[in-house]
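Colleague: Shown below is the structure under consideration.
Laboratory data are not the source of any read-out in this text; all were calculated from the coordinates shown. Keep in mind it's a predicted model, so treat the numbers as computed, not measured. Because the Cβ atoms are built from the backbone with ideal geometry, glycine has one as well, and the counts that use them run over all protein chains shown.
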């Protein structure tokens with residue numbers, strides 16, 4: 001017999017997240033991405049108070065709203081239903097090198113402090129040309145590093 005958190009429901013061997021856990025995950029990801037409750041609320045068409053209620057687990061979140069929130073955060077809605085991701089000790093460089101249509105599918109959350117700082121600073125740059133230039137520079141550095149390893 002297994003003991004589970006009262007917020008968890010077990011179907012066979014699959015653990016299902018509760019609305020409280022999904023709300024906490026929304027908050028964690030939103031904060032990691034540097035997005036305010038107000039900005040997220042505007043993106044999904046609800047009040048920031050409603051976002052607070054979702055994040056605190058006061059109100060349950062519909063599947064439709066989960067999809068809207070996931071889209072606004074740039075992640076897959078599946079993120080909110082996966083119980084745990086395995087800890088990654090090491091990962092291949094190509095994970096970051098090759099461009100993907102939805103990069104958030106390739107990024108392991110939560111972000112570390114260095115990544116959060118980089119993202120916050122990048123978002124403060126208003127010029128698209130400067131942002132694109134930085135991306136090209138970083139891609140060049142990554143390519144040089146990849147070539148040295150190869």
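Colleague: Order 113-119, 42-48 from most to least packed using the mean count of other Cβ atoms within 10 Å. Kindly include the intermediate steps, with their values, before the conclusion.
Modeller: Values: 113-119: 12.0, 42-48: 14.4.
Going by the mean number of other Cβ atoms within 10 Å, highest first, we get 42-48, 113-119.
Colleague: What list of whole percents do you get for P(r) of the stretch 9-80, with Cα-Cα distances grouped in 10 Å bins up to the one holding the largest distance?
Modeller: Per 10 Å bin, starting at zero, the Cα-Cα P(r) for the stretch 9-80 comes out as 21, 58, 17, 4 percent.
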